[in-house]
Amino acid sequence: MKKQATKNVEVLIDLLGYGIVELSVAYSLNFNDVLPRTYSIECHTEPVDSARHTWLYSRDFKMIFSKIEPSVGYTVCFNEEKSNKNIYYQTMLNVVSDYILLKENLC
């Protein structure tokens with residue numbers, strides 16, 4: 001796997017009851033150029049007001065993008081050690097993955 005330098009992305013997430021939350025996410029992208037092409041992404045969110053944003057289960061998380069051949073899209077898997085039923089956290093993971101997918105032009 002080849003590793004790229006750490007990058008940053010600003011993410012806006014609309015969470016019912018919290019309003020629009022802005023997160024700064026630092027991430028590193030590791031990729032395997034063997035088919036099917038896969039990307040392992042390690043993310044870390046910058047601090048937010050933890051007293052207000054109790055939904056933020058963890059500031060560190062990982063995801064894997066894997067290309068579906070023949071060029072019809074990607075699957076995204078999140079690496080979570082514990083089962084998390086927090087809908088706000090799951091929404092954040094989905095939004096962050098979309099931002100990174102678009103920013104890196106992985107499709």
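The values are calculated or read from the model by the stated rules, or taken from the named source; none is laboratory data. In this text, all values refer to a predicted model and were calculated from it rather than measured experimentally. Quick reminder, even Gly has a Cβ in these numbers, built from the backbone with ideal geometry, and neighbours come from all protein chains shown. For accessibility, only protein heavy atoms count, side chains too; no ligands or nucleic acids. Shrake-Rupley method; radii C 1.70, N 1.55, O 1.52, S 1.80 Å.
Here the simple spin-label model places points 7 Å from the Cα toward Cβ, and for Asp98 and Lys7 these points are separated by 1.8 nm.
As a ratio to 2.2 N^0.38 Å, the alpha-carbon radius of gyration for the stretch 7-104 is 1.12. Computed in the context of the full set of protein chains, the accessible area of the chain at 1.4 Å probe radius has 53% of its extent on carbon or sulfur. About the centre of its Cα atoms, the chain shows a dipole size close to 240 debye [charges on the beta carbon of Lys, Arg (+1) and Asp, Glu (-1) only; nearest 20 debye].
By the helix-only formula, in which each DSSP H run with n ≥ 4 contributes -39500 (n - 2.57) and the sum is divided by residues, the chain has a 222 nm mean residue ellipticity of -5500 deg cm²/dmol.
Based on the mean of other Cβ atoms within 10 Å per residue, sort peptides 15-23, 53-61 so the most packed one is first.
Listed from highest to lowest mean packing, they are 53-61, 15-23.
For the peptides 40-50, 89-99, residues were scored by their other Cβ atoms within 10 Å and the scores averaged per peptide; the highest-first order is 89-99, 40-50. Given R0 = 41 Å, the distance between the Cβ atoms of Ile20 and Ile68 translates into a calculated FRET efficiency of 0.80.
To the nearest 0.05, how large is the calculated FRET efficiency for Ser28 and His53 if R₀ is 25 Å and r is the Cβ-Cβ distance? Calculated value: 0.60. Selection among Ile64, Tyr27, Ile100 by position relative to the dipole of the chain gives Ile64 as farthest towards the positive end (Cβ unit charges, Cα centre).
Can you give the relative contact order of the chain as a percent, counting alpha carbon pairs under 8 Å and 6+ residues apart? The normalised contact order for the chain reaches 20 percent.
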